[in-house]
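Below you'll find the structure, written out as structure tokens, and then a few comments.
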There are 2 protein chains.
Amino acid sequence: MSVKHILLGVLSWAPNSGYGIKSEVEYYGRELGWGRVSFGSIYPQLKKLEHQGFIKTESAEEDGRKTKIYELTAKGWRELSNWLEQPPVFPEVRDELLMKLSFWDTGKPEDRELLMDHLELRRKETKQMLHHFEQWSTNGYSAISEIGGLEMDYLKDRLRFDMEWYERMIRQLERPPTSPRQDPRGLFKKASQRKKHAFSESKDMT
Amino acid sequence: MSVKHILLGVLSWAPNSGYGIKSEVEYYGRELGWGRVSFGSIYPQLKKLEHQGFIKTESAEEDGRKTKIYELTAKGWRELSNWLEQPPVFPEVRDELLMKLSFWDTGKPEDRELLMDHLELRRKETKQMLHHFEQWSTNGYSAISEIGGLEMDYLKDRLRFDMEWYERMIRQLERPPTSPRQDPRGLFKKASQRKKHAFSESKDMT
DNA sequence: TTTACCATGTAAAATGTTACATGATTAG
DNA sequence: CTAATCATGTAACATTTTACATGGTAAA
């Protein structure tokens, strides 16, 4: 249950509403490794957490704009602390770009320019993310602790590292294709044969 | 539907069984950005893909060991190719270590040694992953294409980059705590007050 | 006055994991 | 002979997103 701890964590920064939490996740979440959270999981989860006594409604304006501000209870602070104590599990990253890189040669060989487009897109997105990051780390408005600052330095450095690598890959693809580094069982040759065979078989059917 | 394309991709390397695909994902998946896949999603998905005509059963040993080997059809190759064409979406990373770093100061301040343990654990896991990686990139058995090799170089370099940063963070935590980089609205002070307040209130209840 | 933003909520669908059931083969 | 590995499958559960419904407020 990951969303639960994001909610408790964001509320540890300051009391907030469901909508407000969503904004925080939107603004900080991607870079800080929280991923994304939708309203459809925030609101039911907040209700559940309140029911379980981890958070309580601090104020609710019933008239006009109906905003419920939640705050952590003692039980909630303890729950957050307990979670922070647990050793963090190694993350499962599912990155479509990396997936495509690993299947490119058998699934779509030759088309190097298309792959360059993918890499260029990723490079741009990474650049934007870095800008967004640099903005809120220097706008003087966000609270940045010692540890949070360390995390930020790491993440900014990593975005720069990634950008350099995307550029390096693009430069490599600009050059003519080279043969595989190693192919002991002739997998790549076989793959193109299997592909041809599959298409020739399907033509027989027509 | 992410699992679908992992299955098609792995089958593009070579015909394989459900069990065999699971092994490939286990062995290569984490590093190559595929994440993990369980049998509970592989077998039903393979049936579905066969029903939809993307793959077909190439051979099935009915007697004794019942192994079904799947192979891509022309439709399957096309589907893989179409997917590879689509611009890859920027990944949503949910990393518990990063999450904990961003909530540490309000949720569990003071306890720097515990955080150092977390970082040390991650450093070790990263090191192991790098070793595993270096092994199969030099064992002479795995097929490595030009693009796959490029991806590997990137991922190995990134693991080394991460390890260095974890070490840097540990060294920082060995030093005495410093005050926040910036805290314009006094958030960190307020947080510790709110925490104290929550606990004093819960004591009144007893 | 209309667009953008603030604000909460629910139901259905998608996607996936965990846990179980079953049984063959191989290596120590 | 027994543990590990090979091999397939299902049902229940968990988690989360998507899409919808509803309505207030502020700025252009």
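The values are calculated or read from the model by the stated rules, or taken from the named source; none is laboratory data. Computed from a predicted structure; not experimentally measured. Cβ: placed from backbone, ideal geometry, glycine included. Neighbour counts: every protein chain shown. To get the accessible areas, we keep the full protein, side chains included, count just its heavy atoms, and leave off ligands, DNA and RNA. Shrake-Rupley method; radii C 1.70, N 1.55, O 1.52, S 1.80 Å.
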Please work out the C-alpha center-to-center distance from the stretch A:108-161 to the stretch B:168-197 and express it in whole Å.
25
Given the convex hull of the Cα atoms of the stretch A:96-205, what is a quarter of its surface area in nm²?
10.5
Quick one: divide the alpha-carbon radius of gyration of the protein assembly as shown by 2.2 N^0.38 Å and tell me what you get.
1.14
Estimated 222 nm signal from helices in chain B, with DSSP H stretches of n ≥ 4 weighted -39500 (n - 2.57), rounded to 500:
-21000 deg cm²/dmol
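How big is the B-A contact in terms of buried accessible area, both chains counted, 1.4 Å probe, rounded to the nearest 100 Å²?
10400
Could you compute the net charge surrounding residue A:80? Neighbours are other residues with a C-beta less than 14 Å from the C-beta of residue A:80; K and R count +1, D and E count -1.
Every neighbour counted, the sum reads +1.
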Extension gain residue B:139-residue B:81, at 0.36 nm per residue separation less the Cα-Cα distance, in nm?
17.9 nm
Would you work out which of A:155, A:97, A:173 lies farthest towards the positive end of the dipole of the stretch A:96-205? Charges go on Cβ: Lys and Arg +1, Asp and Glu -1.
A:173
Where labels lie 7 Å past Cα in the beta-carbon direction, separation of residue A:120 and residue A:199 in nm
2.6
With label points set 7 Å from each Cα along the Cα-to-Cβ direction at residue B:57 and residue B:132, the distance between them in nm comes to 3.2
Chain B accessible area per residue, 1.4 Å probe, protein heavy atoms, integer Å², reads 51
How many percent of the alpha carbon pairs in chain B exceed a separation of 24 Å?
60
Where the label is 7 Å out from Cα toward Cβ, how close does residue A:48 come to the same position in every other copy, in nm, shortest first?
2.3
Let me cross-check residue B:166: its accessible surface, 1.4 Å probe, with only protein heavy atoms counted, in Å² to the nearest 10?
10
Taking only the alpha carbons of the stretch B:2-85, what extent do you get along each of the three principal axes, in Å, biggest first?
39, 27, 20
On the accessible surface of the stretch A:83-199, probed at 1.4 Å with all protein chains in place, carbon and sulfur together account for a percent value of 52
Measuring label to label, 7 Å along Cα→Cβ, what does residue A:136 give against each other copy in nm, shortest first?
3.6
